[in-house]
Amino acid sequence: MRVLVVEDEPDVIRAVAMYLREEGYSVDTADNGEDGLFKGVSWDYDAILLDVMLPRRDGWSVLSELRRQNKTTPVLMLTARDTVKDRVRGLDTGADDYLIKPFELSELAARLRALIRRSAGKSQPVIEIGNVTIDMTSRTVSVDGAAVALTAKEYCLLEFLAIHRGELVTRTKIYDHLFDEYDASLSNLVDVYVSNIRRKVGRELITTRRGMGYIIDS
Ligand code: CA
């Protein structure tokens, strides 16, 4: 899962990006509203964390412009102001959720998980595919009830394919969701992760469509 963090306070960016990367997300950042809007329009993020008070263009304006350009990426607003008026304004402008600063990183991560899940049309945090169970709350995978140890990237790839179950997912799309703008990993790493997942979870789960991508059949 790839997220964009639009925030101008270096300490907050650093802490949020580090925490989310440890959770296996790829994280792009922007420290002003113009840059945030440009990236938000240019890339297909799984979610955007958007601060309200930003240089060059505030969070409200970034959000309304994203929605005007028909970008439906889920947006979590980060607001320093805890007033009903601001929250209503955010939700009315098209924000999906908001968090009041200062916030706990664990709460941010939990809201992000819920947001991404809801936007994928999955209100239940558990996906079951045959004998494989993917728990998106604890980010764990089990086969026939026995836990399987996946790396953060392997988990993210499996979850991404599971959320898009029944759809062909191209290698490019997978790569874009697994790696961020700072990552110079090669795209054949996607194939390495898939083969690791097959080895750990089972050969049958993920089908290769040669020259196109991967699919978990529904
Ligand atoms: Ca700010």
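What's the carbon and sulfur percent of the chain's accessible surface, probe 1.4 angstrom, rounded to a whole number?
50
For the chain, what does the convex hull of the Cα positions come to per residue, in cubic angstrom?
121
How would you order 103-109, 69-75, 153-159 from highest to lowest mean count of nearby Cβ atoms within 10 Å?
Values: 103-109: 13.3, 69-75: 16.1, 153-159: 22.9.
Descending packing order for the listed peptides: 153-159, 69-75, 103-109.
Say each of residue 168 and residue 143 gets a label point 7 Å from the Cα, pointing the same way as Cα to Cβ; how far apart are those two points in nm?
Label at residue 168, label at residue 143, 2.7 nm between them.
Compute the distance in nm between two label points, each set 7 Å from the Cα along the Cα-to-Cβ direction, one at residue 34 and one at residue 21.
It is 2.7 nm.
Taking 0.36 nm per residue of sequence separation and subtracting the Cα-Cα distance, how much length would be gained by fully extending the chain between residue 85 and residue 100, in nm to one decimal? Walk me through the intermediate numbers first.
On the way: separation 15, 0.36 × 15 = 5.40 nm, distance 1.33 nm.
Separation in residues times 0.36 nm, less the Cα-Cα distance, equals 4.1 nm.
Rounded, prolate or oblate for segment 136-218? Axes are the square roots of the Cα gyration tensor eigenvalues, ordered a ≥ b ≥ c, and the cut-off for rounded is a/c under 1.5. Please list the in-between numbers first.
Numbers: a/c = 1.68, a/b = 1.25, b/c = 1.34.
Oblate, because a/c is 1.5 or more while a/b does not exceed b/c.
Only bridges whose two residues both fall in segment 1-140 count here: according to DSSP, what percent of them are antiparallel, nearest 5?
Values: 5 of 22 bridges.
Roughly 25 percent of the beta bridges in segment 1-140 run antiparallel, per DSSP.
Just to confirm the number: angle between the C-alpha axis of helix 189-201 and the first principal axis of the chain, 0 to 90 degrees, nearest 10?
On a 0 to 90 degree scale, this one is about 60.
If amide H atoms are built 1.01 Å from N in the plane of the peptide, which residues on other chains or at least 5 residues away come under 5 Å of the amide H of residue 78?
50, 51, 52, 99
Using a Gaussian network model on the chain with a 10 Å cutoff between Cα atoms, which of 35, 180, 92 fluctuates the most?
92
Can you give me the relative contact order of segment 68-195 as a percent, contacts being Cα pairs under 8 Å and 6 or more apart?
Values: 112 pairs, mean separation 17.5, N = 128.
Taking the mean separation of contacting Cα pairs over the length of segment 68-195, I get 14 percent.
Between residue 44 and residue 128, what FRET efficiency follows from the Cβ-Cβ distance if R0 is 30 Å, with the result rounded to 0.05? Walk me through the numbers on the way to the answer.
Values: r = 27 Å, r/R0 = 0.89.
Given R0 = 30 Å and the Cβ-Cβ separation, E is 0.65.
Taking the 0 to 90 degree range and rounding to the nearest ten, how far is the long axis of helix 10-22 tilted relative to the main principal axis of the chain, both from C-alpha atoms?
Taking Cα atoms only, the helix is inclined about 20 degrees.
What is the chain's relative contact order, in percent, from Cα pairs under 8 angstrom and six or more apart in sequence?
Relative CO of the chain lands at 17 percent.
Identify all lysines with a Cα-Cα distance to residue 153 below 27 Å; exclude those on the same chain that are fewer than 8 residues away in sequence.
Qualifying lysines at Cα under 27 Å: 39, 71, 122, 173, 200.
Test of understanding: in a Gaussian network model of the chain with alpha carbons linked when under 10 Å, which of 56, 139, 113 would top the mean-square fluctuation ranking?
56
Taking 41 Å as R0, compute the FRET efficiency from the Cβ-Cβ separation of residue 107 and residue 69 and round it to 0.05.
FRET efficiency, residue 107 to residue 69: 0.90.
Which residue fluctuates the most in the chain, going by a Gaussian network model with Cα springs under 10 Å, if the choices are 116, 129, 174?
Largest GNM mean-square fluctuation: 129.
Can you grab the distance from the C-alpha centre of segment 182-197 to the C-alpha centre of segment 84-141, Å, no decimals?
That distance is 26 Å.
Mind giving me the nanometre distance, one decimal, between the label points for residue 135 and residue 151, set 7 Å out from Cα along Cα→Cβ?
For residue 135 paired with residue 151, the spin-label model returns 2.4 nm.
How large is the helix-only mean residue ellipticity at 222 nm for the chain, computed as the sum of -39500 (n - 2.57) over DSSP H runs with n ≥ 4, divided by its residue count, in deg cm²/dmol to the nearest 500?
Helix contribution divided over all residues of the chain: -13000 deg cm²/dmol.
Averaged per residue, what accessible surface does the chain expose to a 1.4 Å probe, in Å²?
Values: 10540 Å² over 218 residues.
Spelled out: the 1.4 Å probe surface of the chain, per residue, equals 48 Å².
Using r as the Cβ-Cβ distance of residue 210 and residue 185, and R0 as 30 Å, what FRET efficiency do you calculate, to the nearest 0.05?
Approximately 0.85, to the nearest 0.05.
The values are calculated or read from the model by the stated rules, or taken from the named source; none is laboratory data. Owing to the predicted nature of the structure, the values given are computational and were not obtained by experimental measurement. Here Cβ is always computed from backbone atoms with ideal geometry, including for glycine, and neighbour counts include all displayed protein chains. Please note that ligands, DNA and RNA were not included when accessible areas were found on the heavy atoms of the full protein model with its side chains. Shrake-Rupley method; radii C 1.70, N 1.55, O 1.52, S 1.80 Å.
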